[in-house]
Amino acid sequence: MRFFRQLILSCALLLGFLMNSSAQQMNVSNPIVFGNNRLTLITPTLFRLEYAHEGKFIDEPTLFAYDRTSLLKEGEFAVKKIGDNKYEITTDKLRMVYENDGYPFGLHNFKAYFTLDGKEKEFTNRSIKKNNLGGPVETLDRVTEEIPMNDGLLSTDGWYLIDDERADLLSNGWLKARDTKNHVQDQYCFVYGNDYKAALADLGAISGKIPMTRKYIHGVWYCRYWDYTAEEFLDIIKGYEENDFPIDNLVMDMGWHTDKQATMGTGHASNRGWTGYTWEKNRIPDPKALIDAVHSKNITVSLNDHPHDGLRPHEEHYLDFMKEMGADSSKPILFDLGDRKYMETFFKWAHKPSEDIGVDFWWLDWQQNYLYPNVRGYNTTSLMWLNELYYNRSQERGQRGISYSRWAGWGDHRHPIQFSGDAQSNWELLAFEVKLSAASGNAGCTYWAHDLGGFRGTPNEELTARWTQFGALSAALRVHCTKDAKLDRRPWLGQDIFTDALRKSYHMRSEIMPYVYTSVWQTSSTMIPLNRPMYIEYPMTKEAFENEQEYLFGDLILAAPIASAGKGEKYEASQKVWFPEGDIWYDYFTGESFKGGQTATITKPIDEFPMYIKGGWVMPMQPYTDRPATAALTNLVMRVYPSEGDVEANTYTLYEDDGISNDYKEGKFATTALTYSRKGNVTTIAVSPAVGTYKDQPQTRQYTLVLPVHNGKAIVKVNGKKAQLVKGDTGYQVSVKATDIHKSVTIVITD
């Protein structure tokens, strides 16, 4: 018996030795090549699978795989040979097993293992997608109710796969057809388990991060499809000023250019004048004078553009265009997105003349997929390539890019801001836009500019007021509507109860702009959406997946806009709100507190909606200004709600830059740490010295601490000197005179 036990032990030791001997640690570089197969480890949770005849792999970028620089380095992964032609590849998040059988990566030769809900799960590139959490749609044109969303990266399955095999390549800034004969597999596998933030960061790692936007696009816009005269445009701005509403951007729809003069071309809808680049001089006799007058008010100008018919004989610069193209002017050229010379010449003679007199950016209103679904000769969609070209073009004057256009798919997050299209004006569409805006960030589409109030439909002032509340907590507060005399979104035109509600939303948006812009910087840095679904922050909590009408706006604001008609004189309506556990939340309008870990039905009158601030943090704001996106931050308003208990140090970092140039890429920006701490009855608000510089940076700054739920009974000291709590419109306040931004300010409140 003893002999057999010793024999078994010896065999076990021998088997272990043989197994350890076969599991040979390999010293390989990344990407890892196995004959015609190549595995690229991009991050610990993202890898690329390729198969190419004769090992002819692809290293050039595509419009999705735009950034090839991110790779795991030596020491961040391991490769072991665990048998004949069999290998184990590990990162700190994944374990992969691959058998090099000479065939493309598939179900039988490749598996990855990851952790989901505390359990090990298996992924293959043939796994079936089941539980995707949704993503953006291209457009809401003609949409009257909720529609199915496209995929985002995030799924309760814990993985997502993007097949890039049919994508054209980018070479020297232009499209290049892929070698589809030799390159047969190109897949990007996002395997992240419950770590949704890792998945979004992975998108930035392979596809490029969301760039910083021009600050003014996050301000207040006015747009209407209407044939305004120059005087009427200026009267609109005057109306905003006289009625106490802010405005940052004036958009001119199709009426800025001639249309009836077009006698050839494919046209669109009811006429051939959809495309146009010659100013309508009957209504706008001196375009430069108009633009100069608008700019003198510190407001930007944007023009609508439907480029699908290119330049035709009736246009002012048609002959110049045709001469430079070396073409016969009697034979107009079709719009050709795939021809580099055509597009460069088109921009020179269609766009540049208006840009030279001051036009700030273009609204690419592309609705012509039925005519040009793809760039001729390529697989790339026309919309995606247009967005890339327009965005790159918009940077030529030393400013940040902008491609104000519809969503074009994976990789289009690099071309913000997105226009959601001509949605129907009804409650169902408002509710869907709330859901869509949050879920769209799952694919990187985090900045929507919606038609607040809806594009077409029966006028409804209550609906517009509620839609605007949602817009005040989204990427842009932008109104727009169709050519209908009954529809005009100027916010002072309705009944007083709705005008007052709208003014409250507009003012609030103006005041929170420092917080909005800081959140934009966070999105650019981390790929975490501005409007983010609750499950991104709380992926292990089932309630975070249950209310699609609720989202986080940045780090500190919880919102659940009302999307249903109200009752009574105050148009009271309700919305369900889940308050995440671990924090205390305060109603922005009333100061009422809600402890985390509960769900409540909140009823609000027309001038309020469910909006909550996380307690125990410093929220940066500014005094109301009628140009919120360009006003210098010379008075930092710090809105603070108390924590539930003691807090060692909660730090929120304010971000600032010049708002328009690309200097931020060179480190020309400033951050200021705003710290909340509490011990017993002593609360300390500390403003650290600003770090960094940028053009036109204020060198001194006032500070106004606002305590919306304080009773006013406390001893206050500013930098050790006694100060006063003064009752203000939004709570008790502490004012600090103008101080060098490079010096710290400490406010201590002893209750």
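The values are calculated or read from the model by the stated rules, or taken from the named source; none is laboratory data. In this text, all values refer to a predicted model and were calculated from it rather than measured experimentally. Reconstructed Cβ throughout: ideal geometry from the backbone, glycine too, with neighbour counts over all protein chains shown. Ligands, DNA and RNA are excluded from the accessible area calculation, which covers all protein heavy atoms including side chains. Shrake-Rupley method; radii C 1.70, N 1.55, O 1.52, S 1.80 Å.
One table, with the values for the structure above:
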| quantity | calculated |
| --- | --- |
| From the options Q418, Q395, residue that is within 19 Å of C223 (Cα to Cα) and not basic (K, R) | Q418 |
| Qualifying residues in segment 117-163 (those that are in contact with a strand residue (DSSP E or B) (Cβ under 6 Å, 6 or more places away or on another chain) and polar (S, T, N, Q)) - the one farthest from W407 (Cα to Cα) | T124 |
| Residue among T258, T278, T300 that is in contact (Cβ under 8 Å) with a residue 60 or more places away in the chain, within 30 Å of D141 (Cβ to Cβ) and among the β-branched types (V, I, T) | T300 |
| Among (1) open to solvent by 70 Å² or more (accessible area, probe 1.4 Å); (2) touching a residue at least 60 places away in the same chain (Cβ under 8 Å); (3) assigned to a loop (DSSP other than H, G, I, E, B), the one test that K129 misses | (2) |
| Meets criteria (open to solvent by 20 Å² or more (accessible area, probe 1.4 Å), within 26 Å of the chain's Cα centre (by Cα) and under 24 Å from A476 (Cα atoms)) for D587 | no |
| Qualifying position, being within 23 Å of G208 (Cα to Cα) and in contact (Cβ under 8 Å) with a residue 24 or more places away in the chain, among T144, T91 | T91 |
| Number of the exception - I613 against (1) in a strand (DSSP E or B); (2) more than 26 Å from Y240 (Cβ to Cβ); (3) open to solvent by less than 10 Å² (accessible area, probe 1.4 Å); (4) in contact (Cβ under 8 Å) with a residue 60 or more places away in the chain | (4) |
| Single match in L463, L558, L493 (criterion: under 20 Å from the mean Cα position of the chain (by Cα) and of a type outside the set (K, R)) | L558 |
| Number of the condition not met by R166 [criteria: (1) over 17 Å from A443 (Cβ atoms); (2) outside any loop (DSSP other than H, G, I, E, B)] | (2) |
| Residue count for segment 332-347, restricted to those that are in a helix (DSSP H, G or I), open to solvent by less than 30 Å² (accessible area, probe 1.4 Å) and not polar (S, T, N, Q) | 4 |
| Every pair of residues 6+ apart whose Cβ atoms lie under 8 Å, when the first sits in segment 366-378 and is in contact (Cβ under 8 Å) with a residue 40 or more places away in the chain and surrounded by 18 or more Cβ atoms within 10 Å (Cβ to Cβ) while the second is hydrophobic (A, V, I, L, M, F, W, C) and in a loop (DSSP other than H, G, I, E, B) | Y372/F335; Y372/L337; V375/L337; Y378/A177 |
| Qualifying strands (runs of 3 or more DSSP E) (wholly inside segment 629-746; at least 3 residues being closer than 19 Å to P514 by Cβ and modelled with pLDDT of 95 or more) | 635-640, 647-656, 670-679, 682-687, 700-707, 731-740 |
| Residues satisfying the stated conditions in segment 546-577, i.e. closer than 27 Å to P416 by Cα and among the hydrophobic types (A, V, I, L, M, F, W, C) | L552, F553, L556, I557, L558, A559, A560, I562, A563 |
| T69 being assigned to a loop (DSSP other than H, G, I, E, B) and either open to solvent by less than 70 Å² (accessible area, probe 1.4 Å) or in contact with a Cys (Cβ under 6 Å, 6 or more places away or on another chain) (or both) | no |
| The one condition in (1) open to solvent by 10 Å² or more (accessible area, probe 1.4 Å); (2) in a loop (DSSP other than H, G, I, E, B); (3) farther than 23 Å from T380 by Cα that K111 fails to fulfil | (2) |
